[in-house]
Amino acid sequence: MIYLENIGRYFLMLKSVFSKMTKWSMLRNLIFKEIDDLIVGSMGIVCFISFFVGGVVAIQTALNISNPLIPKYLVGFATRQSVILEFAPTFISIIMAGKVGSFITSSIGTMRVTEQIDALEVMGVNSLNYLVFPKIVALSLYPFVITIAMFLGIIGGWLASIYGGFSTSADFVQGLQIDFIPFHVTYAFVKTFVFSFILATIPSFYGYYMKGGALEVGKASTTSFVWTSVVIILINYIITQLLLT
Amino acid sequence: MIEVKNIKKSFDGVEILKGISTTFEKGKTSLVIGQSGSGKTVFLKSLLGLFTPEEGSIFFDGKEYEKLSTAEKRHLRTEMGMVFQGSALFDSMTVSENVMFPLRMFTNQSVSEMQDRVDFVLKRVNLVDAHHKFPAETSGGMQKRVAIARAIVMNPKYLFCDEPNSGLDPKTAIVIDNLIQEITDEYNITTVINTHDMNSVMEIGEKIVFLKDGYKAWEGTNKEIFKTNNESVSDFVYSSDLFKKVRQVYLRELEG
Ligand SMILES: Nc1ncnc2c1ncn2[C@@H]1O[C@H](COP(=O)(O)OP(=O)(O)OP(=O)(O)O)[C@@H](O)[C@H]1O
Ligand SMILES: [Mg+2]
């Protein structure tokens, strides 16, 4: 029951987010600030993880090929497929649910418990629009983050293969190019775009509607991470079913 | 003027406000007093529309709040100023940004006009050298004064203060009380203050509403509160020996 109620409240929240817009001059500043916090601030960790996980994917693939009949370019091929299809869009989004999501929940939650949200409402500001809308706009740049993650993941795989002696550069690059289906990239970006909306709104929901004090802010962040990940995984399944089969 | 008619509010089945009616007049500082937990904050937040009472109605200069459209409610709120019990300053903004916030949000003034106004109100609350500090870098008393500055920066028609001088030293507390009374008088504001500071009660209580167990147990002025025979009020107001003596001296003076 409580789940249904939350889903209902979530959609009502979205309705308020898009009604009674805050003054543009204010909104613009907020959007830039959120881009800095949410997008630029996540770049480091995303680059780091992408590069090394890309490398590990390549090594794992290479180590698991024992049959000499399997062509060497498979390492490049497998790295490309796993990085573009799942690793960059989905895996990085789960990481972001932890990083960006808990940041959003705790910052909005703190504003709730210290009555800053009430203060906004009392002034006549639509607090949901003021707080959540800039985050949605800022995170619409999230696909760029994922593009970089894809690129670095593949570079990581390439370097790991060459320096680990698992594959030659030529083989790897051949693997990258073979059987390339452009629609896979479209699919990855459709997912990413949907995930960016989830990353902005679900953590906001848990922050905005929390009750209690500082301890509850911590709890809300955890709950928010769990549900953001669960929704991302479910939506991932649904989109994959719809677009790739 | 604010008229409150029989408002009731409960949380999880526990009734906190059990039907309260009163009026707060323009240009007067009205005080709501009562023990900790008696529902003062809930009452004030119900006036502001942050809590919706289950029953009863609230009229702002004749307009019933519940009957207004969402847009009208938002507009009415731009005419209200509120000082929260915990100040509720935006902690991502500096002191002067906090005070400027309503101006930036709701007016089309130029930056220098806004800056002038901010300087003016900050001076009004005796804060001159804290403009660029963040709330976390200021003391509790300073935060209270910034909150007051933010509440009055738009020249509100209605001013609500939830314990504006709790946690302040006696001197600053008096400064704040006098300040609120001056502004109320000067701009003809309808001001409602929650307090359990007896000094404020004596000094600025042009109207006092005493809440007890969810009911309005007494109302009157600071002159009348000395003379009242209502036991629950005198128990509350004159709980300390000092105030008991003050009362006796005052009453003797009145007779003599
Ligand atoms: N949001 C809420 N949910 C549930 N109960 C609440 C809520 N807000 C207040 N209460 C309850 O209402 C009662 C009155 O609280 P309120 O904060 O109005 O007291 P107060 O008179 O302002 O006290 P103080 O002088 O300590 O500030 C308390 O018993 C409190 O537990
Ligand atoms: Mg209170």
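The values are calculated or read from the model by the stated rules, or taken from the named source; none is laboratory data. What you are looking at is a predicted structure, and each value in this text was computed from that prediction instead of being measured. Cβ: placed from backbone, ideal geometry, glycine included. Neighbour counts: every protein chain shown. Only protein heavy atoms, including side chains, enter the accessible area calculation; ligands, DNA and RNA are left aside. Shrake-Rupley method; radii C 1.70, N 1.55, O 1.52, S 1.80 Å.
Rg to Rh ratio, the protein assembly as shown, alpha-carbon atoms and Kirkwood radius?
Checking Rg against Rh, the ratio lands at 1.14.
Against the longest principal axis of chain B, how steep is helix B:170-186, in degrees 0 to 90 to the nearest 10, with axes from Cα atoms?
80
At 1.4 Å probe radius, can you tell me the per residue accessible area of chain B in Å²? If you can, show how the numbers build up before the last one.
Working: 11690 Å² over 256 residues.
In whole numbers, chain B has 46 Å² accessible per residue.
Find how much the distance from B:Ser112 to B:Asp241 grows on full extension, using 0.36 nm per residue of separation minus their present alpha carbon separation; answer in nm with one decimal. Each step should come with its number before you reach the end.
Working: separation 129, 0.36 × 129 = 46.44 nm, distance 5.25 nm.
Fully extending the segment from B:Ser112 to B:Asp241 adds 41.2 nm.
Over 27 Å between Cα atoms, which of B:Lys67/B:Lys123; A:Lys99/A:Lys219; B:Lys40/B:Lys157; A:Lys219/B:Lys73 qualify?
Values: B:Lys67/B:Lys123 39 Å; A:Lys99/A:Lys219 15 Å; B:Lys40/B:Lys157 21 Å; A:Lys219/B:Lys73 34 Å.
Where the Cα-Cα span goes over 27 Å, the pairs concerned are B:Lys67/B:Lys123; A:Lys219/B:Lys73.
Run the helix sum for chain B: -39,500 (n - 2.57) per DSSP H stretch of 4+ residues, divided by residue count, reported at 222 nm to the nearest 500 deg cm²/dmol.
Result for chain B: -12500 deg cm²/dmol, rounded to the nearest 500.
What does the extension gain come out to for A:Tyr237 and A:Asn29, with contour length at 0.36 nm per residue minus their alpha carbon separation?
On the way: separation 208, 0.36 × 208 = 74.88 nm, distance 3.61 nm.
Fully extending the segment from A:Tyr237 to A:Asn29 adds 71.3 nm.
I need the calculated FRET efficiency for the pair A:Met13 and A:Phe180, taking r as the beta carbon distance and R₀ as 45 Å, to the nearest 0.05. Mind dumping the intermediate values first?
Working: r = 41 Å, r/R0 = 0.91.
That pair, A:Met13 with A:Phe180, gives E of 0.65.
Among A:80-92, B:214-226, how do they line up by average Cβ neighbours within 10 Å per residue, starting with the highest? Can you show the working numbers first?
Working: A:80-92: 22.1, B:214-226: 17.8.
Put in order of decreasing packing, that is A:80-92, B:214-226.
Suppose accessible area is computed on protein heavy atoms with a 1.4 Å probe; arrange B:Lys18, B:Lys144, B:Lys227 from highest to lowest. Intermediate results must be reported in sequence, preceding the final value.
Working: B:Lys18 65, B:Lys144 10, B:Lys227 115 Å².
Order by accessible area, largest first: B:Lys227, B:Lys18, B:Lys144.
Once you average over the residues of A:118-130, how many Cβ atoms of partner chains fall within 10 Å of each Cβ? Kindly include the intermediate steps, with their values, before the conclusion.
Numbers: counts 6, 14, 4, 6, 13, 14, 13, 7, 2, 0, 0, 0, 1.
That average works out to 6.
Do the sum for chain A: with -39,500 (n - 2.57) for every DSSP H run of n ≥ 4, divided by all residues, what is the mean residue ellipticity at 222 nm, to the nearest 500 deg cm²/dmol?
On the way: 12 runs with 187 residues, N = 245.
So the calculated ellipticity at 222 nm is -25000 deg cm²/dmol.
Could you sort the peptides A:151-159, B:68-76 by per-residue average Cβ neighbour count (10 Å cutoff), highest mean leading?
Those peptides, ordered most packed to least, come out A:151-159, B:68-76.
Run the quick spin-label model on B:Lys26 and A:Thr222: label points 7 Å from Cα toward the beta carbon, then report their separation in nm to one decimal.
Those two pseudo-labels are separated by 5.5 nm.
If I model a spin label as a point 7 Å beyond the Cα along the Cα-Cβ vector, how far apart are those points for B:Leu254 and B:Thr70 in nm?
Here the answer is 5.2 nm between the modelled labels.
Rounded to the nearest 100 Å², what's the accessible area chains A and B bury against each other, both chains counted, probe 1.4 Å?
Working: alone 12420 and 12620 Å², together 23120 Å².
For A against B, buried area totals roughly 1900 Å².
Hey, quick one: spin label on A:Val190, modelled 7 Å out along Cα-Cβ, who in region A:222-245 has an amide N within reach, i.e. under 15 Å?
Residues A:235-245 qualify, since their backbone N sits under 15 Å from the label point.
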